[in-house]
1. Relative contact order, percent, of the range 2-94 when contacts are C-alpha pairs under 8 Å separated by at least 6 residues?
2. Across all directions of projection, what mean area in square nanometres is found for the Cα convex hull of the range 2-94?
3. How much mean residue ellipticity at 222 nm does the chain get from its helices, if each DSSP H run of length 4 or more adds -39500 (n - 2.57) and you divide by all residues, to the nearest 500 deg cm²/dmol?
4. Could you pull out every whole DSSP H run in the chain that spans at least 30 Å of Cα extent along its own axis and averages -0.5 or higher on the Kyte-Doolittle scale?
5. Work the Kirkwood hydrodynamic radius out for the range 93-181: mean of 1/r over every pair of different alpha-carbon atoms, inverted, in Å.
6. Take the alpha-carbon centre of the range 174-203, take the same for the range 92-108, and report the distance between them in whole Å.
7. Write down the Å³ per residue value for the convex hull defined by the alpha carbon atoms of the range 156-247.
8. Restrict the search to the range 105-177; then list the trypsin sites (Lys or Arg not before Pro) that DSSP places in a loop and that have at most 13 other Cβ atoms within 10 Å of their Cβ.
Amino acid sequence: MEQLSHLLKSHYNLQPLSLTPISQGVGGRSLLVTCETGKYVVKFPENTPMDHPDAEPVLCGVLLQKGIPACEFLKNNAGNYITQTDAGLFYVKKFVPGTVFPPHAAPKWLMDDAARMLGNIHAALSGEPMLPEGIGEHFFRFMTPEKALSSYLRSLELARAQKDTEAEADLLFRIRITEKLQPFSFDPHRLTCVNTHGDYTIHQLVCNENSIAAVIDWTCACRHPAVWEILRFFLYAHPSAKDGTIDSNALCRYVALYRQQAPLTSFDLEQMLPLIYYQLAVCDYDGQYYASSAPNRHLFRWQARFFTRVLQHLDVHQNSITEQLTHTK
């Protein structure tokens, strides 16, 4: 804390009165800094191929100019947004006060506003240069059922060695799914792919009493299929999805509100659920849990169990929900 106080004084002319760690996900570290001039967030982003911290401040500036409530970043005394030190690179942004709802606790107004907001984001970024590829051709070429099966078998050994019976049961189900899973068989370029947040979930929305005050954490901004970002938010946010089930009527409403702001094709709607099914089926979240040494690695375990419930639901109801989606205006 003393070192960070010195860095903020020397690089930003900020005099911290207090520094408080912010609870968050498994990526990066953030602190709330209170100064006489206001409150700020200092973030040390994680160094992964998915993160692009140098692009985030510029992107947020573009979004703010286009009416999307994003974060406002401070430049350091050298005129740069990113500060590189022996302690790692970090940046400073203005703190946005408000409420962040927990998973599966979104009120109806937030589900509606989040759908429109995501459509507005995609529309606002449609004329900007292409962001790095997220889920695209490389993902489908690299994340094959064969590689997933090999990973699951390794994780199953670890689960059995640790007598983790719940993880063992989930992994056995995933193994059965993966053994019959076919490689994704269509050209992913047929999907509507958009510049997007990359991690648009309920914990990235800071809310006022009945409106979205800011969309935060654009470090993972990339180019994804629009339907992937749409459905992923729904799964994390809607109360009905807590046990992995999908309320088809609620999802159709969410998609319809998104489409008021940005277009989707009939092919997008047909492939929304097959896409998320495949992505969840080939991602070994239990393996990430066992490999992680992060203090909050339990989030990987939560994801593993939650998304396994989603897979179990889609294994039965995928076709009927897709049928309803494709007939939604």
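Only the coordinates and a few stated rules stand behind these numbers; no lab work does. All figures in this text were calculated on a predicted structure; none of them were measured in a lab. So basically every Cβ, Gly included, is an ideal-geometry build from the backbone, and we count neighbours across all protein chains shown.
1. 23 percent
2. One quarter of the hull surface, i.e. the mean projection, equals 6.5 nm².
3. -15000 deg cm²/dmol
4. For the chain, where a helix must reach 30 Å along its axis and average at least -0.5, the hits are 298-326.
5. Hydrodynamic radius (Kirkwood, Cα only) of the range 93-181 equals 17.6 Å.
6. 26 Å
7. Here the figure is 179 Å³ per residue.
8. Here the sparse-neighbourhood loop sites are Lys163.
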